[in-house]
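K.L.:
Shown below is the structure under consideration.
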Amino acid sequence: MWWDERVSARFRRNLQPTLTYWSVFFSFGLCIAFLGPTLLDLRCQTQSSLSQITWVFFSQQFCLLLGSCLGGVFKRTLAQSLFALFASSLAISLVFAIIPLCHNVVVLAVVMAVAGLAMGCIDTISNMQLVKIYQKDSAIFLQALHFFVGFGALLSPLIADPFLSDTNCILSNATANASSNLPHIRKSLVPHHPGNLSHYDLPMKGMVVTRVSYAFWIMALINLPVPIAVFFLLYKERMVPCFNSSSHPLLSADELAMETRPTVKDDLATSVQRPHAAGGHDDLFSCCQSKNFRGASYTYFAVHITGALVLFMTDGIVGEYSGFIYSYAVEEPLSVVHKVAGYLPSLFWGFITLGRLISIPVSYRMKPATMVFINVVGVLITFLLLLIFSYSVVFLFVGTASLGLFLSSTFPSMLAYTEDILQYKGCATTVLVTGAGIGEMVLQLLVGSIIHDQGSYSFLVCGMIFGGLAFTFYAFLLFFHRMYPKPPSDMDVASPDKPAVMDDTGQYQR
């Protein structure tokens, strides 16, 4: 294997939970990208206006942010985390199965809000648990985790595409006039953000003709193995109430030898694990309690804030670029043909997924701090070149692919780097996930309003500004990293930075 034996041994010991968290993130990706291309068929199904149906986007995104904030509540024990992941992944399958039955836009918005809450919990808990298991070695596994969300985000539109209506799916006297606009409207409804659709007049009354229900039922079946995998992990850990027994699983020979070691070693392991269990990875509200701030230096807060601001900008760029690149391409001066411009969001997400796949082996050889530096510099340079060659259609495609590659590994690398600075004692995972979610929602709304007032060229200017701010905040993070107090040398042996204790025990922490 291309990583060393120590990491390989840890991966083998934690194979089932690691694969389970990766599969749960596939559910996250499957659910995040289907809404854009299917929204017009859902408008027909609910017989609502375009302005009404676009509120479904907001309900999903807002509750995703809320779920990210609340996800840390379930981290207190492994049982709570796994039950939350089981409920969330099962909820996503149920949402896919229920969506075809939603014939009212308000009901559909409520169902998508439930999906958003489930996605937010998955986002926070999966990142937290992988960081807890692998700590210093978590970067490579976080890269793989975020590959699966990209894979799911690519798969769901492909599943939906054969079942989308080619003509307007509400048959009425106005159908002939409205049908010619449908391909243009559908391509503007890319993942995360609907375009400005108020000037399109589509019929709201008539006979509904759509086959999109089959796509949702297929996605429900594809996602069903995920909650089953979480249930098997619960069963293995003896956490299912009806299958639980008083006896614990038998220890292997190596683990039994560890149990019989001298008590001094046991005391050392306990002294390490207790602060780790009590100290970090709280939910957002617990992190804000004053008791957690006592004795903390200003750099402790600065690392949290600057790390969250970097992801606020970079994840915000992902949302606003995927949401508006089509609208930018079809407007002057480029005036790209609608069908050709429709490939740009898919190209962007495809290279994000490819970049996350490439980052898995790269992250083993390169430090997270170096990867984040390359990412933010690459984003900044790409936007600068897009501005310079703003009249080139070819470079728009090249720049879109480049931007997807540089943005792909920013979140997992940033999470691994920030947790490393804080020695896995702070609230970095919760704060960073929340900051990324807020950025994705806020920057989309901000860029949408700016483009509406200033024109399509402001789209690239906004991206350049956000990229510059991301680089600036990262420079501040590097400064605060140098200022952050290191653990005393006499405590190095017992520091959570040292994975040796966890390696010796070989236990999947409950």
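K.L.:
Among the residues of segment 44-69, what is the count of those that are in contact with a Cys (Cβ under 7 Å, 6 or more places away or on another chain) and of a type in the set (A, V, I, L, M, F, W, C)?
P.N.:
Total satisfying the criteria: 1.
K.L.:
Six or more apart or on different chains, Cβ under 7 Å: which pairs go from a residue in segment 310-332 that's under 21 Å from GLY29 (Cβ atoms) and of a type in the set (Gly, Ala, Ser) to one that's at pLDDT 85 or above and open to solvent by less than 10 Å² (accessible area, probe 1.4 Å)? Could you list them?
P.N.:
What qualifies is GLY316/GLY439; GLY316/LEU443; GLY319/LEU443; SER322/PHE348.
Table: residues versus (1) open to solvent by less than 10 Å² (accessible area, probe 1.4 Å); (2) in a helix (DSSP H, G or I); (3) closer than 20 Å to VAL379 by Cβ; (4) assigned by the TED database to the domain that holds LEU415.
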| residue | (1), (2), (3), (4) |
| --- | --- |
| TYR300 | no, yes, no, yes |
| HIS304 | no, yes, no, yes |
| GLY307 | yes, yes, yes, yes |
| GLY316 | yes, yes, yes, yes |
| SER322 | yes, yes, yes, yes |
| PRO333 | no, no, no, yes |
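K.L.:
Farther than 26 Å from PHE147 by Cα and small (Gly, Ala, Ser): is that true of SER335 in this structure?
P.N.:
Against the criterion (farther than 26 Å from PHE147 by Cα and small (Gly, Ala, Ser)), SER335 qualifies.
K.L.:
Of the conditions (1) open to solvent by 20 Å² or more (accessible area, probe 1.4 Å); (2) among the hydrophobic types (A, V, I, L, M, F, W, C); (3) under 22 Å from LEU224 (Cβ atoms), ALA33 fails just one. Which one is it?
P.N.:
Checking ALA33 against (1) open to solvent by 20 Å² or more (accessible area, probe 1.4 Å); (2) among the hydrophobic types (A, V, I, L, M, F, W, C); (3) under 22 Å from LEU224 (Cβ atoms), the one that fails is (1).
K.L.:
Continuing with this model, one more query. Among the numbered conditions (1) closer than 17 Å to VAL95 by Cβ; (2) in contact (Cβ under 8 Å) with a residue 60 or more places away in the chain; (3) surrounded by fewer than 21 Cβ atoms within 10 Å (Cβ to Cβ), tell me where SER27 comes up short.
P.N.:
Of everything listed in (1) closer than 17 Å to VAL95 by Cβ; (2) in contact (Cβ under 8 Å) with a residue 60 or more places away in the chain; (3) surrounded by fewer than 21 Cβ atoms within 10 Å (Cβ to Cβ), SER27 misses just condition (3).
K.L.:
Can you pull out every residue in segment 213-228 that is crowded, with 22+ Cβ neighbours inside 10 Å and either of a type in the set (A, V, I, L, M) or outside the structural domain of PRO100 (by the TED database) (or both)?
P.N.:
ALA215, MET219, VAL226 - these are the residues of segment 213-228 that are crowded, with 22+ Cβ neighbours inside 10 Å and either of a type in the set (A, V, I, L, M) or outside the structural domain of PRO100 (by the TED database) (or both).
K.L.:
Looking at segment 450-470, is at least one residue closer than 16 Å to VAL310 by Cα, under 19 Å from the mean Cα position of the chain (by Cα), modelled with pLDDT under 85 and not assigned by the TED database to the domain that holds LYS136?
P.N.:
Taking every residue of segment 450-470 in turn, none turns out to be closer than 16 Å to VAL310 by Cα, under 19 Å from the mean Cα position of the chain (by Cα), modelled with pLDDT under 85 and not assigned by the TED database to the domain that holds LYS136.
Here's the yes/no breakdown for (1) in contact (Cβ under 8 Å) with a residue 12 or more places away in the chain; (2) within 16 Å of the chain's Cα centre (by Cα):
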position	(1), (2)
SER363	yes, no
LEU380	yes, no
LEU386	yes, no
ALA401	yes, no
ALA416	yes, yes
THR429	yes, yes
GLY439	yes, yes
LEU445	no, no
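K.L.:
Any idea which of GLN135, GLN129, GLN61, GLN80 is among the polar types (S, T, N, Q) and modelled with pLDDT of 85 or more?
P.N.:
Just one listed residue meets the conditions, GLN129.
The values are calculated or read from the model by the stated rules, or taken from the named source; none is laboratory data. Being a predicted model, the structure only gives us computed values, none of them experimental. Note that each Cβ is placed from the backbone with ideal geometry, even for glycine, and that neighbours are counted across all protein chains shown. The protein model used for the area step is the full one, side chains on, heavy atoms only, and it has no ligands, DNA or RNA in it. Shrake-Rupley method; radii C 1.70, N 1.55, O 1.52, S 1.80 Å.
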